[in-house]
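A.B. asks: Handing you a structure now.
Every number in this text was worked out from the coordinates using simple rules, so none of it is lab data. Computed from a prediction, not measured in an experiment: that's the story for all the values here. In this analysis, Cβ positions are derived from the backbone assuming ideal geometry, glycine residues included, and neighbour counts consider all displayed protein chains.
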2 protein chains.
Amino acid sequence: MSYELFVEVTRNGTVESRHFGAAVVCDFKGSVVKSWGDIESLVFPRSALKPMLAIHLVESGASDRFALNDAELSLACSSHQGEQMHQDLVASWLNRLGLTEDHLACGAVLPENTERAHQLLAAGQQGCRLHHNCSGKHTGFLTTALHLNMPLDKYHLLEHPLQQVSLDILSDLAVIDLRQYPIGIDGCGLPAPTMPLLQLGRAVARFANPEDLSDCRAQAIYRLHEAITNEPLYIAGHGSVVSELNEVTKGSVLAKTGAEGVLIAALPEQGLGIALKIADGSNRARSVALLAILDYLGMLSDEEKQQLQAHIVPTLVNSRGLAVGEIRPAASWLKKA
Amino acid sequence: MSYELFVEVTRNGTVESRHFGAAVVCDFKGSVVKSWGDIESLVFPRSALKPMLAIHLVESGASDRFALNDAELSLACSSHQGEQMHQDLVASWLNRLGLTEDHLACGAVLPENTERAHQLLAAGQQGCRLHHNCSGKHTGFLTTALHLNMPLDKYHLLEHPLQQVSLDILSDLAVIDLRQYPIGIDGCGLPAPTMPLLQLGRAVARFANPEDLSDCRAQAIYRLHEAITNEPLYIAGHGSVVSELNEVTKGSVLAKTGAEGVLIAALPEQGLGIALKIADGSNRARSVALLAILDYLGMLSDEEKQQLQAHIVPTLVNSRGLAVGEIRPAASWLKKA
């Protein structure tokens, strides 16, 4: 178990905190292009799997049957922030299926978007299941279950046929049998598989360029690339690094977060997959680390870097509105030889 | 720069995230009783300094002059959670000084206590300066400034005589000249000194048993011990590890948090000081680490451990209300030889 120092948090120029991590860049043939830290260590990819979990929704024909548009497919892959636009689209999609919020297995929570959460509270409301960052994924599962005449009840449990197919698809992408590894329970109640970080990188690379997968699976993945690229705000939300990376690079970098410091990025044009884990589970460090790796690989133009500057080296502002520090790639990391 | 694996976060029994740290246990003569990781590494103690910053309030005579009670002195040492009781006491104390919230240099924020924050929002209100976790400390500074006829304006700046005296007192406790080390700006606008972790441990030990300090300074520290012990809820708040440790141990363990993963504990009966830093700045790991060290040192009885169980190995519950993991001391750490 070894990690490298990835990210430093400074206060007035002095390092205050340090984030360690492991990361891998793979190509779609399975080769490791570059790695940092121990990439054999087991990770829970959590929500980083959502775009791969949405493959079944498309390849089963459920997406066509219910005429899902780009925004809905992007939302099926999302950890959305519970903004009004996300809540409305989950609600209307469920309604089209003849279902309601009560069919969702995820719990009721306040939106992750703070402004929206405060708005709700000020209006005397509470968080509901629609606001859960996973509600799009859950609606996707319900759509597939309806299409395949599977029981809608307990669709979140490991033994439900939907989750068994999900394990098959993920195993196909990761080129390992996920049933051989521990499986936990996620924040929203769904199974939370584990795999070595290396295998996650390989799966992301095969999602980036699926030409070695079955034709039907590859076509489903291309459809998801298109949907996410066309509707970047539905896969995360305003101000998020995932939506902005997607938008700024016009789909050349399709990133997805996972809880506890996981971040992946599929690079379709290069057929590359990047997977990283911040050891401590921190969210503030993962995006700084990913952008540093993308820059190291030469994947971002000067113009793109300028547009993403707030995510590349975020500024820390105190309660008086004064800039007192920053989050930056560690000075010792990613030195080009 | 080296850290040890202190704390693991598990999901259904498998480790998901890892927190690394450094820690030291010192006695009040300056000897290191035990240490983990590199204790020469520089830390920003942040709010962990508050009890030491309150010494001047007492030794200057300001506390007697304005008849501060135990609750107010405890609040002067606090990172409070902005509960109604904290807000009310800061307000009445300021009022007694003939001052208002506008004199506080800290910014307006929502309370750290989520329930209280949501209550305010639901009532159509916003956070104010009274809710800032540092408002008690700031009111303490204003009290001392009034007593010593110092300007109330800009009392938060490093060049203000109050902050210069603070640096002198902290240097006396840490047995080093803090002016030789970098000084940043804190979340509330006050100076944020740095020191090696070892020196922080020594300062905490001298706060625990101040018999080697001047008599006047020692008496002030004993007064603060008494106030914090008598009013544990004013130094933090309901459900916090600091207030509960203090209460459960009846003042045998006087702990104080600092932002970015810092936690200290003064053990007056043993004349020991503990200082620890979680490298990544995480708050969830620091209390688990401190309680593990206290247990390792044999400082907690079985009954105390039972009462503190929720802080010793916190359970992680998902949005469906299901226990899905825990935060625990790393299995590899603190093996007794």
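A.B. asks: In straight Cα distance, which lysines are under 26 Å from B:Lys250, not counting same-chain residues fewer than 8 positions off?
C.D. replies: B:Lys29, B:Lys34, B:Lys50, B:Lys137, B:Lys277, B:Lys305
A.B. asks: Which distance in nm do the two modelled labels at A:Glu269 and A:Glu211 give, with both placed 7 Å along the Cα-to-Cβ direction?
C.D. replies: According to this spin-label approximation, the distance is 1.6 nm.
A.B. asks: Could you tell me which residue out of A:Ala279, A:Gly13, A:Val262 lies farthest along the dipole of chain A toward its positive end? Charges go on the beta carbon: Lys and Arg +1, Asp and Glu -1, centred on the Cα centre.
C.D. replies: Toward the positive end, the furthest listed residue is A:Gly13.
A.B. asks: Calculate the mean, over all residues of peptide A:44-51, of how many other protein chain Cβ atoms lie within 10 angstrom of the residue's Cβ.
C.D. replies: Other-chain Cβ atoms within 10 Å of each residue's Cβ, averaged: 1.
A.B. asks: Would you mind calculating the relative contact order of the range A:1-135 from Cα pairs under 8 angstrom and at least 6 residues apart, reporting the percent as a whole number?
C.D. replies: Reported as a whole number, the value is 17 percent.
A.B. asks: Evaluate peptide A:187-197: per residue, the Cβ atoms of other protein chains within 10 Å of its Cβ; return the mean as an integer.
C.D. replies: 3
A.B. asks: Follow-up question, since we're still on this one. If packing is taken as the mean number of other Cβ atoms within 10 Å per residue, what is the order of A:51-59, B:98-106, highest first?
C.D. replies: So the peptides A:51-59, B:98-106, ranked by packing, come out A:51-59, B:98-106.
A.B. asks: Using DSSP to call loops (not H, G, I, E or B), can you name the GluC sites (Glu not before Pro) in the range A:195-290 whose Cβ has at most 16 other Cβ atoms within 10 angstrom? Intermediate values should be presented prior to the final figure.
C.D. replies: Details: sites: A:Glu211, A:Glu226, A:Glu244, A:Glu247, A:Glu260, A:Glu269; in loops: A:Glu211, A:Glu260, A:Glu269.
The qualifying sites are A:Glu211, A:Glu269.
A.B. asks: Find the centroid of the Cα atoms in the range B:201-268 and in the range B:101-132, then give the distance between the two in whole Å.
C.D. replies: With the range B:201-268 and the range B:101-132 each reduced to a Cα centre, they are spaced 26 Å.
A.B. asks: Averaging sequence separations of C-alpha pairs under 8 Å and six or more residues apart, then dividing by the length of the range B:226-337, give the relative contact order as a whole percent.
C.D. replies: RCO, the range B:226-337: 16 percent.
A.B. asks: What translational diffusion coefficient, in µm²/s and rounded to a whole number, does the Stokes-Einstein relation yield for the range B:138-197 at 25 °C and a viscosity of 0.890 mPa s, taking the hydrodynamic radius as the Kirkwood radius over Cα pairs? Could you put the intermediate results ahead of the total?
C.D. replies: Working: Rh = 12.1 Å.
The Stokes-Einstein estimate is 203 µm²/s.
A.B. asks: Where the label is 7 Å out from Cα toward Cβ, how close does A:Lys335 come to the same position in every other copy, in nm, shortest first?
C.D. replies: Sorted ascending, the copy-to-copy spacings read 3.4 nm.
A.B. asks: Could you tell me the convex hull volume per residue, in Å³, taken over the Cα atoms of the protein assembly as shown? Could you put the intermediate results ahead of the total?
C.D. replies: Working: hull volume 101.9 nm³, N = 674.
It is 151 Å³ per residue.
A.B. asks: Using alpha carbons only, how many angstrom separate the centre of the range B:45-91 from the centre of the range B:280-337?
C.D. replies: Answer, in whole Å: 29.
A.B. asks: Something else: Averaged across A:313-324, how many Cβ atoms of other chains sit within 10 Å of each residue's Cβ atom?
C.D. replies: So the per-residue partner count for this stretch is 4.
A.B. asks: Any cysteines in the protein assembly as shown with zero other Cys Cβ atoms under 4.7 Å from their Cβ? List them, or say none.
C.D. replies: If one checks each Cβ against the other cysteines of the protein assembly as shown, A:Cys26, A:Cys77, A:Cys128, A:Cys216, B:Cys26, B:Cys77, B:Cys128, B:Cys216 turn up with nothing under 4.7 Å.
A.B. asks: Then there is this: A:Tyr181 versus A:Arg96, label points 7 Å from Cα toward the beta carbon: distance in nm?
C.D. replies: Between A:Tyr181 and A:Arg96, the label points sit 3.4 nm apart.
A.B. asks: Same structure, new question: Using a 7 Å offset from Cα along the direction of the beta-carbon, what are the separations from B:Gln125 to the same position in each other copy, nm, ascending?
C.D. replies: Listed shortest first, these distances are 2.4 nm.
A.B. asks: Right, another one. For chain A, with a Gaussian network of springs between Cα atoms less than 10 Å apart, report the residue from A:Asp38, A:Asp212, A:Asp27 with the top mean-square fluctuation.
C.D. replies: Between A:Asp38, A:Asp212, A:Asp27, it is A:Asp212 that shows the largest mean-square fluctuation.
A.B. asks: Let me ask something else. For chain A, what's the relative contact order in percent, using C-alpha pairs closer than 8 Å and at least 6 residues apart?
C.D. replies: The normalised contact order for chain A reaches 24 percent.
A.B. asks: Per the Kirkwood definition applied to all pairs of different Cα atoms, how many angstroms is the hydrodynamic radius of chain B? Write out the running numbers ahead of the final one.
C.D. replies: Details: mean 1/r = 0.0497 Å⁻¹.
Across chain B, the inverse of the average 1/r is 20.1 Å.
A.B. asks: Sticking with this structure for a sec: Kindly provide the pair-distance distribution of the range A:261-310 built from C-alpha pairs, with 5 Å bins from 0 and whole-percent values in order of increasing distance.
C.D. replies: Each 5 Å bin holds this share of Cα pairs: 5, 19, 29, 23, 18, 6, 0.
A.B. asks: What spacing in nm lies between the two simple spin-label points modelled at A:Leu167 and A:Gln126, each 7 Å away from Cα in the Cβ direction?
C.D. replies: My value for the distance between the label points is 3.4 nm.
A.B. asks: What is the packing order of peptides B:7-19, B:158-170, taking the mean over residues of other C-beta atoms within 10 Å and listing the highest first?
C.D. replies: On the way: B:7-19: 21.2, B:158-170: 17.2.
The most tightly packed comes first, giving B:7-19, B:158-170.
A.B. asks: Here is a follow-up. Can you list, shortest first in nanometers, how far B:Asp153 lies from the same residue in the other copies, with each label 7 Å from Cα toward Cβ?
C.D. replies: Once sorted, the set of distances for B:Asp153 reads 7.3 nm.
A.B. asks: Same structure again: Give, in whole angstrom and from largest to smallest, the semi-axes √(5λ) of the equivalent ellipsoid of the range A:47-111, with λ running over the eigenvalues of the Cα gyration tensor. Walk me through the intermediate numbers first.
C.D. replies: Details: eigenvalues 70, 45, 26 Å².
The three semi-axes for the range A:47-111 are 19, 15, 11 Å.
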